[in-house]
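In what follows, a structure is listed as structure tokens, so that the remarks can point back to it.
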Amino acid sequence: MSYALVQVRNVARLLLSLLAHRPENPAAVSATLTEWKVELSAGTIAAGTVTFTVTNGGSIPHALEVEGQGIEQETSVIQPGATATLTLTLKPGTYEVYCPVGNDSHKKLGMETELKVGPAGATALDYDAGTMSMRTPGIKAIRVTGGGTVIQILPGPFPFPDSAAPILQQFGDEREGLESQVKNGPYSNNVARAAGTFAFTAWDKGATRDSVDGVAEFATQDGARWKLVLDRVQTKDVPHHPRFGGVILGLYYHGNTAVHTPLVPTINSAVALWAFGHLYKNGTLVTDNAMVHVMLLSRTRRDGDFALACWDCSKNKVDELQLQILPGPGEPKFDAPGGFLFVNWEKSGSTKSAN
Ligand SMILES: [Cu+2]
């Protein structure tokens, strides 16, 4: 074979290989952001240039971040109904795709998914067939024990109405109900001494397998003795709470984050959980469907009169344990001030474990 012919053939091979690897159509992935999900039009793409078209289909501002293989890129904040694009060149590997708004609080509420990037030129099927491994997130548990002064919060005005007002604007349908709580809600400076104990364990095992176990026993200012036995986690939406998330370890929310009601100061929580429980008053069953919200959170109240001390309390030590109990759906209000029970243990502690 002549030298010239070899050269021609090599050039032809080179051209063919370039053609094979050329991203003829840079991959296009559309992403939809809602409370609290990130949905991608494709879970697996080939390496190369990809353009994400990101639509905020929710009712509060969101953004999209792609992280992995040394890349960490995000869109600017996208208002509800608006769209943004993000073009990246991705190497093979697995990427986390999530909403970075609120110090990852949106991510922890469920706004994250995975994008797999296969070798250049490979089809989605080729790649999927080769990577059947699943990411198994570690199961985490927390044991919380209430301590310190025990107080009962009675209905009253929210002490930071002007700080909460602009955040309430973002709550759409829920705004009206929340605004009535500004004047007479559960987060007030109207505090009475109570006494009692509360200890529980919560397991964060992912969307549908969270679990909780614990008992609270306390006496309220009117002399009634209450007992709550936690039964199961709650994950369905109910009015005035954008999402009931089972068990979430480590969350930055409330206040100015636009995650859950702004009629609670901005806080970090070591654990937040929503559950159903059995509630007894003076030894008699009140309901098997009491709706329970528990947080071990940044201290929000000051010593002495236990008034709310801050609108942004997120830098405070996490040692306040809040227990709120509401009647089950369609059930009558409790025989307690405001029809609900809200008790805090002001110096509480926790231990975390791997399972
Ligand atoms: Cu978001």
- Message: So, residue 342, is that one in contact with a Pro (Cβ under 6 Å, 6 or more places away or on another chain) and either part of a strand (DSSP E or B) or farther than 20 Å from residue 221 by Cα (or both) or not?
- Response: yes
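Please enumerate the residues belonging to segment 39-77 that are of a type in the set (Gly, Ala, Ser) and within 13 Å of the ligand (Cβ to nearest atom). Please lay out each step first, then the result.
Step one: of segment 39-77, the residues of a type in the set (Gly, Ala, Ser) are 41-43, 46-48, 57-59, 63, 68, 70, 76.
Residues satisfying the conditions are 57, 58, 59, 63, 76.
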- Task: Evaluate the following for residue 288: is it in contact with a Pro (Cβ under 8 Å, 6 or more places away or on another chain), touching a residue at least 12 places away in the same chain (Cβ under 8 Å), among the charged types (D, E, K, R) and open to solvent by 10 Å² or more (accessible area, probe 1.4 Å)?
- Result: no
- Out of segment 84-107, which residues are touching a residue at least 40 places away in the same chain (Cβ under 8 Å) and either within 8 Å of the ligand (Cβ to nearest atom) or open to solvent by less than 50 Å² (accessible area, probe 1.4 Å) (or both)? 90, 97, 98, 99, 101, 102, 105, 106
- Any chance you could count how many residues in segment 108-129 are at pLDDT below 80 and within 16 Å of the ligand (Cβ to nearest atom)? 0
- Message: Can you go through 223, 246 and tell me which one is at positive phi and at pLDDT below 90?
- Response: 246
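Residue-by-condition table, conditions (1) over 22 Å from the mean Cα position of the chain (by Cα); (2) under 20 Å from residue 159 (Cα atoms); (3) part of a strand (DSSP E or B); (4) at pLDDT 95 or above:
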position	(1), (2), (3), (4)
252	no, no, yes, no
264	no, yes, no, no
278	yes, no, yes, yes
291	no, no, yes, no
328	yes, no, no, no
- Note on the structure: How many residues of segment 198-232 are assigned to a loop (DSSP other than H, G, I, E, B) and of a type in the set (Lys, Arg)? The answer is 2
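The values are calculated or read from the model by the stated rules, or taken from the named source; none is laboratory data. Since we're looking at a predicted model, the values are computed, not measured. Methodologically, a virtual Cβ is constructed for each residue, glycine included, from the backbone with ideal geometry; neighbour enumeration extends over all protein chains shown. All accessible areas refer to the heavy atoms of the entire protein, side chains included, with ligands and DNA or RNA removed. Shrake-Rupley method; radii C 1.70, N 1.55, O 1.52, S 1.80 Å.
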